[in-house]
1. Of everything in the range 94-128, what is under 21 Å from Val70 (Cβ atoms) and of a type in the set (Asp, Glu)? Give them in sequence order.
2. Quick one: what pairs do we get from the range 89-100, first residue over 21 Å from Ala125 (Cβ atoms) and free of Cβ contacts under 8 Å to residues at least 60 places away in the same chain, second of a type in the set (Val, Ile, Thr) and not in a strand (DSSP E or B), C-beta under 8 Å, 6+ apart or different chains?
3. In this structure, does Phe22 turn out to be aromatic (Phe, Trp, Tyr), surrounded by 18 or more Cβ atoms within 10 Å (Cβ to Cβ) and at pLDDT 90 or above?
4. Restricting attention to the range 34-89, which residues are assigned to a loop (DSSP other than H, G, I, E, B), β-branched (Val, Ile, Thr) and farther than 24 Å from Ser119 by Cα?
5. Taking the condition modelled with pLDDT of 80 or more and under 12 Å from the mean Cα position of the chain (by Cα), does Arg85 pass?
6. Suppose we keep only residues that are within 22 Å of Asp93 (Cβ to Cβ) and surrounded by fewer than 20 Cβ atoms within 10 Å (Cβ to Cβ) within the range 28-53. Which one would you say is modelled with the highest pLDDT?
Amino acid sequence: MEYTVEVRPESSCAILTLDGPFILDSVVTAYSRIVTHPDWQSNFDMIVAISPHSDFYDTDLAKLQSLRDVARTMNAQHRTGPNLRTALVCSDDLKRVIIDLWLALVDNDWPIEFGVFTSVNEALAWLAKTADTPEA
């Protein structure tokens, strides 16, 4: 799986764009590049953007569970803060089903709020809006 990594300190977030066939090891490598980036801070939010050219045809439940387990471990090790958020971006309705299934596997027991969007700009707007919202 090909990927690009961008860390935006001005937005307090990192953007991971995934492209091509889904390969878990590539996602782990990409995540590692984010958390070792010199501008990365552990309280930053994340955007994971699934490109229109990504391929999840060989992705089954076992692969999604492995992704969940790896992501849970890496997030616990490298993300801290009271209001962590991850925006998942996918403009393809069929691929968004994979995101919905993965979110169901997460079981809402992560200390991270998830949002699903059709564009990176929508995701950035959500992160900016929720960052400006005072806690109750």
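1. Asp100, Asp107, Asp109, Glu113
2. Listed pairs, sorted by first residue: Ile98/Thr59.
3. Working: aromatic (Phe, Trp, Tyr): yes; surrounded by 18 or more Cβ atoms within 10 Å (Cβ to Cβ): yes; at pLDDT 90 or above: no.
Spelling it out, it is not the case that Phe22 is aromatic (Phe, Trp, Tyr), surrounded by 18 or more Cβ atoms within 10 Å (Cβ to Cβ) and at pLDDT 90 or above.
4. Here is the first cut: in the range 34-89, the residues assigned to a loop (DSSP other than H, G, I, E, B) are 36-44, 51-54, 56-60, 79-83.
Among the residues that remain, those that are also β-branched (Val, Ile, Thr) are: 36, 59, 80.
Scanning the range 34-89 gives Thr36, Thr80.
5. Working: modelled with pLDDT of 80 or more: yes; under 12 Å from the mean Cα position of the chain (by Cα): yes.
Answer is yes for this residue.
6. From the range 28-53, those within 22 Å of Asp93 (Cβ to Cβ) are 47-53; that's our starting set.
Okay, now just the ones that are also surrounded by fewer than 20 Cβ atoms within 10 Å (Cβ to Cβ), so 51-53.
On the way: Ser51: 86, Pro52: 83, His53: 83.
Here the answer is Ser51.
The values are calculated or read from the model by the stated rules, or taken from the named source; none is laboratory data. Source: prediction; values computed, not measured. Cβ atoms come from the backbone with ideal geometry, glycine included; neighbour counts cover every protein chain shown.
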